[in-house]
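The values are calculated or read from the model by the stated rules, or taken from the named source; none is laboratory data. Since the structure is predicted, the reported quantities are computational estimates derived from the model, not experimental observations. All Cβ positions, glycine included, derive from the backbone under ideal geometry; neighbour counts span all protein chains shown.
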2 protein chains.
Amino acid sequence: MREVAIIGAGMAKWGELWEKSLRDIFVESALLAIDDAGVDKIDSMYIGCMSSGLFVGQEHLASLLTDYLGLGPVPATRVESACASGGAAVRAGFIEVASGISDIVLVGGIEKMLDVSGDGATFALATAADQEYEVFNGVTFPGLYAMMAVAHMEKYGTTRKQLAHVAVKNHHNGSMNPLSQFPQKITIEDVISSVMVADPLRILDCSPITDGAAALILCPVELAKKICKKPVIKIIGSGHSTDTIALHSREILCELGSTQRAAEKAYKMANKKPEDIQLAEVHDCFTIAEICVIEALGFVEKGKGGKATEDGLTALGGKIPVNTSGGLKSKGHPVGATGVAQVVEIAKQLRGEAGKRQVQNARVGLTQNMGGSGGSSLVHIMEVL
Amino acid sequence: MREVAIIGAGMAKWGELWEKSLRDIFVESALLAIDDAGVDKIDSMYIGCMSSGLFVGQEHLASLLTDYLGLGPVPATRVESACASGGAAVRAGFIEVASGISDIVLVGGIEKMLDVSGDGATFALATAADQEYEVFNGVTFPGLYAMMAVAHMEKYGTTRKQLAHVAVKNHHNGSMNPLSQFPQKITIEDVISSVMVADPLRILDCSPITDGAAALILCPVELAKKICKKPVIKIIGSGHSTDTIALHSREILCELGSTQRAAEKAYKMANKKPEDIQLAEVHDCFTIAEICVIEALGFVEKGKGGKATEDGLTALGGKIPVNTSGGLKSKGHPVGATGVAQVVEIAKQLRGEAGKRQVQNARVGLTQNMGGSGGSSLVHIMEVL
């Protein structure tokens with residue numbers, strides 16, 4: 001297997017992009033990535049997208065986007081793993097470059113969720129859960145994560161206030177990210193007094209509905225060393241794992257087995273341990289998710305995620321800053337784009353291009369992207385050469 | 001890159017499977033493939049599916065199917081390229097094994113189209129076209145292929161009767177395939193007098209709406225030689241290309257550029273020429289499609305596809321039998337499953353397991369799978385070792 005580098009990273013402003021279509025949003029971020037890499041050809045494309053069919057009535061997505069990007073006959077494939085579709089696209093691009101099939105691969109992530117047709121965004125998102133056993137019985141994602149939160153609070157004594165700390169931290173980080181959908185700083189009181197969605201989760205515990213895209217350019221490390229004018233970022237670990245798609249099938253509701261196993265694989269490939277990771281972008285679709293994820297990644301012991309967040313371990317300036325971009329919570333969560341945008345943030349941080357939210361001397365970063373209530377997870381580890 | 005073999009192929013009966021759910025249909029074919037390969041572990045899975053979101057309200061498909069197949073934490077990703085989703089899954093599995101990331105990969109294809117929810121099967125299928133420029137203006141796929149047929153008839157003098165010959169041949173082949181949805185033999189007169197759908201295409205020029213799945217087991221050739229009790233089939237060529245997604249953007253309406261380019265890549269990788277191919281499964285979603293495809297693959301000169309079909313070149317016993325399985329026309333067309341099922345047929349033929357429709361002494365076969373009106377194409381070439 002060839003070693004794989006990231007030589008381009010692009011992302012335009014996320015939010016309610018009423019004036020732009022699905023294809024416009026993608027092309028904008030893709031051109032930023034191509035420009036960042038300084039390449040004049042692309043050999044292949046992978047697009048992470050959860051449900052352009054249900055959101056905007058368009059499948060055959062990779063072919064459409066290749067066409068609109070002016071890349072004509074380049075091979076292009078869409079990959080889907082619900083909200084982990086972006087991470088799955090990163091892995092597909094990584095494998096394609098590693099295999100030797102293609103040299104320069106564009107990995108994009110996209111979702112246009114706001115001008116949804118058909119049965120609405122909640123229905124479209126719920127198709128990431130088990131339709132026959134969960135959705136038909138009325139389950140939605142806030143409900144599933146609320147059950148995980150209650151289980152975590154019962155088992156470990158995690159508090160309502162600790163959940164709020166995740167949101168406050170991520171909005172603080174997001175206030176320094178000019179591409180964030182919701183860059184407003186918020187307080188613990190704001191979160192605790194916001195409207196209830198699914199007890200104990202309130203609206204400020206939930207990531208928003210977002211239009212947005214992100215893109216990366218990957219190539220072999222050998223080639224990157226020759227053509228890349230910026231520091232070369234190497235993907236040193238890639239892990240992917242699944243779990244039962246239905247939350248009720250799991251023995252422990254508040255443990256993310258797919259994340260734990262994906263991380264173990266990525267750490268092994270990278271020859272790194274959790275304590276070697278200097279910053280991470282993780283899947284905080286709900287505040288409780290970030291708490292469960294940092295436990296599954298081994299950053300803290302099981303049950304200690306809430307306390308660690310409250311104590312500032314994962315804040316900017318803490319031992320391991322988590323979601324410096326603002327995370328899904330503040331930056332936004334266009335589901336198929338999220339996993340790609342996480343890698344964009346780590347690449348920018350490792351190059352020292354993260355502006356006010358820069359983590360000093362960062363050399364090793366991690367991304368964790370998750371589908372459904374943890375039915376699939378992808379973990380990638382990057383190091384600057 | 002490692003050499004890649006097919007060691008298992010499975011497909012259950014296709015048709016109107018009202019009594020089986022999406023997951024049941026997949027598991028049935030996947031277990032046949034696993035049993036055929038005789039393996040007791042799977043390292044990774046790829047699922048080709050066009051639109052389980054629009055057809056049955058279920059995304060996060062690969063995770064769901066891994067769960068229901070009892071493969072628990074195995075990495076699994078869905079790939080989509082409209083009706084070429086199955087071919088894209090074959091290629092993803094091929095690249096994964098070639099890269100060295102995984103040894104034993106299950107490649108599945110699935111679509112459950114008949115108990116469609118929402119806006120119906122025609123709407124779901126139309127999302128493979130350009131939604132903003134084609135679908136909003138009323139285009140459907142029979143309409144697009146009808147335009148291609150008219151263009152072919154105008155340019156080359158292809159006749160109404162020659163189109164019918166494609167359907168008659170494929171139903172004749174399908175009558176010998178116990179898994180076909182419509183194994184009835186039909187006549188030229190049946191086709192020409194059947195109900196009009198989009199002039200000149202009549203209902204018997206069109207492939208049906210189908211529930212079905214198919215699955216393959218891939219592994220490195222070196223491993224296959226050790227564990228495989230049946231003849232080892234090697235994937236010697238894989239080509240993938242895109243084209244403008246909208247038919248109106250093409251210079252010549254009746255040429256399939258994506259198929260031609262994908263074939264050139266596959267021939268080059270395989271070090272074969274069109275005349276080396278002994279049989280092929282191609283994407284006859286409409287009768288005109290097979291005529292354009294055999295031209296794009298170089299089996300006949302441009303414009304000669306209709307005449308060659310009429311003359312029996314592509315019939316069983318002809319110089320190059322095409323769609324011995326019955327093709328999409330008779331076997332059925334569960335869109336995401338089609339590209340995988342094509343490879344299943346070639347594998348069975350190259351092993352000498354194709355029963356009454358067996359092509360004698362077949363050693364090299366080809367599959368061609370296409371999305372939309374040719375916006376994407378995948379070509380694979382297989383050889384028995």
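Key figures
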{"read-out": "Single match in B:322, B:300 (criterion: of a type outside the set (Asp, Glu), under 24 Å from residue B:152 (Cβ atoms) and in contact with a Ser or Thr (Cβ under 7 Å, 6 or more places away or on another chain))", "value": "B:322"}
{"read-out": "For residue B:238: the one exception among (1) more than 27 Å from residue B:32 (Cα to Cα); (2) of a type in the set (Gly, Ala, Ser); (3) within 12 Å of chain A (Cβ to nearest Cβ)", "value": "(1)"}
{"read-out": "Out of A:270, A:246, sole residue that is crowded, with 19+ Cβ neighbours inside 10 Å, out of contact with any strand residue (DSSP E or B) (no Cβ under 7 Å at 6 or more places or on another chain) and not assigned by TED's automatic domain parsing to the domain that holds residue A:13", "value": "A:246"}
{"read-out": "Answer from A:102, A:85 - the residue that is small (Gly, Ala, Ser), surrounded by fewer than 24 Cβ atoms within 10 Å (Cβ to Cβ) and within 27 Å of residue A:241 (Cβ to Cβ)", "value": "A:102"}
{"read-out": "Qualifying residue in region A:109-117 (condition: facing another protein chain (nearest Cβ under 7 Å), part of a loop (DSSP other than H, G, I, E, B) and either in contact (Cβ under 8 Å) with a residue 60 or more places away in the chain or buried (at least 24 other Cβ atoms within 10 Å of the Cβ) (or both))", "value": "no"}
{"read-out": "Filtered residues of region A:243-278 (kept if touching a Phe, Trp or Tyr at 6+ places or on another chain (Cβ under 8 Å), within 14 Å of another protein chain (Cβ to nearest Cβ) and part of a helix (DSSP H, G or I))", "value": "A:248"}
{"read-out": "Selected residue [at pLDDT below 95 and farther than 22 Å from residue B:383 by Cα] from B:72, B:15, B:48", "value": "B:72"}
{"read-out": "Unmet requirement for residue B:226, which otherwise passes all of (1) closer than 30 Å to residue B:69 by Cα; (2) in contact (Cβ under 8 Å) with a residue 24 or more places away in the chain; (3) more than 13 Å from chain A (Cβ to nearest Cβ)", "value": "(2)"}
{"read-out": "Yes/no for residue A:308 being free of Cβ contacts under 8 Å to residues at least 40 places away in the same chain and within 20 Å of residue A:145 (Cβ to Cβ)", "value": "yes"}
{"read-out": "One residue from B:185, B:112 being in the same structural domain as residue B:252 (by TED's automatic domain parsing) and among the basic types (Lys, Arg)", "value": "B:185"}
{"read-out": "Region B:1-12: number of residues that are within 13 Å of chain A (Cβ to nearest Cβ) and either surrounded by fewer than 17 Cβ atoms within 10 Å (Cβ to Cβ) or part of a loop (DSSP other than H, G, I, E, B) (or both)", "value": "3"}
{"read-out": "Members of region B:119-130 found to be more than 10 Å from chain A (Cβ to nearest Cβ) and either of a type in the set (S, T, N, Q) or assigned to a helix (DSSP H, G or I) (or both), listed by number", "value": "B:121, B:122"}
{"read-out": "Subset tally (residues that are crowded, with 21+ Cβ neighbours inside 10 Å and farther than 11 Å from residue B:214 by Cα) for region B:13-22", "value": "2"}
{"read-out": "Residues satisfying the stated conditions in region B:86-108, i.e. more than 7 Å from every other protein chain (Cβ to nearest Cβ) and hydroxyl-bearing (Ser, Thr, Tyr)", "value": "B:102"}
{"read-out": "Matching entry among A:301, A:290 (being on the phi < 0 side of the Ramachandran plot and out of contact with any His (no Cβ under 9 Å at 6 or more places or on another chain))", "value": "A:301"}
{"read-out": "Qualifying positions in region A:314-359 - within 22 Å of residue A:124 (Cα to Cα) and either basic (Lys, Arg) or at pLDDT below 95 (or both)", "value": "A:329, A:331"}
{"read-out": "The lone exception for residue B:133 - which of (1) part of a helix (DSSP H, G or I); (2) touching a residue at least 24 places away in the same chain (Cβ under 8 Å); (3) within 14 Å of chain A (Cβ to nearest Cβ); (4) surrounded by fewer than 18 Cβ atoms within 10 Å (Cβ to Cβ) it fails", "value": "(1)"}
{"read-out": "Unmet requirement for residue A:28, which otherwise passes all of (1) crowded, with 21+ Cβ neighbours inside 10 Å; (2) away from every other protein chain (no Cβ under 11 Å); (3) part of a helix (DSSP H, G or I)", "value": "(1)"}
{"read-out": "Of residues in region A:115-138 being touching a helix residue (DSSP H, G or I) at 6+ places or on another chain (Cβ under 7 Å) and β-branched (Val, Ile, Thr), the one modelled with the lowest pLDDT", "value": "A:116"}
{"read-out": "Residue in region B:67-79 that is farther than 30 Å from residue B:130 by Cα, in a helix (DSSP H, G or I) and away from chain A (no Cβ under 13 Å) present", "value": "no"}
{"read-out": "Positions within region B:360-380 being in a strand (DSSP E or B) and within 13 Å of the chain's Cα centre (by Cα), in sequence order", "value": "B:366, B:367, B:368, B:369, B:370, B:371, B:376, B:377, B:378, B:379, B:380"}
{"read-out": "Condition check for residue B:302: out of contact with any helix residue (DSSP H, G or I) (no Cβ under 7 Å at 6 or more places or on another chain) and either modelled with pLDDT of 95 or more or in the same structural domain as residue B:87 (by TED's automatic domain parsing) (or both)", "value": "no"}
{"read-out": "Residue in region A:35-49 that is in contact (Cβ under 8 Å) with a residue 40 or more places away in the chain and facing chain B (nearest Cβ under 7 Å) present", "value": "no"}
{"read-out": "Failed item in (1) outside any helix (DSSP H, G or I); (2) crowded, with 24+ Cβ neighbours inside 10 Å, with residue B:317 passing the rest", "value": "(2)"}
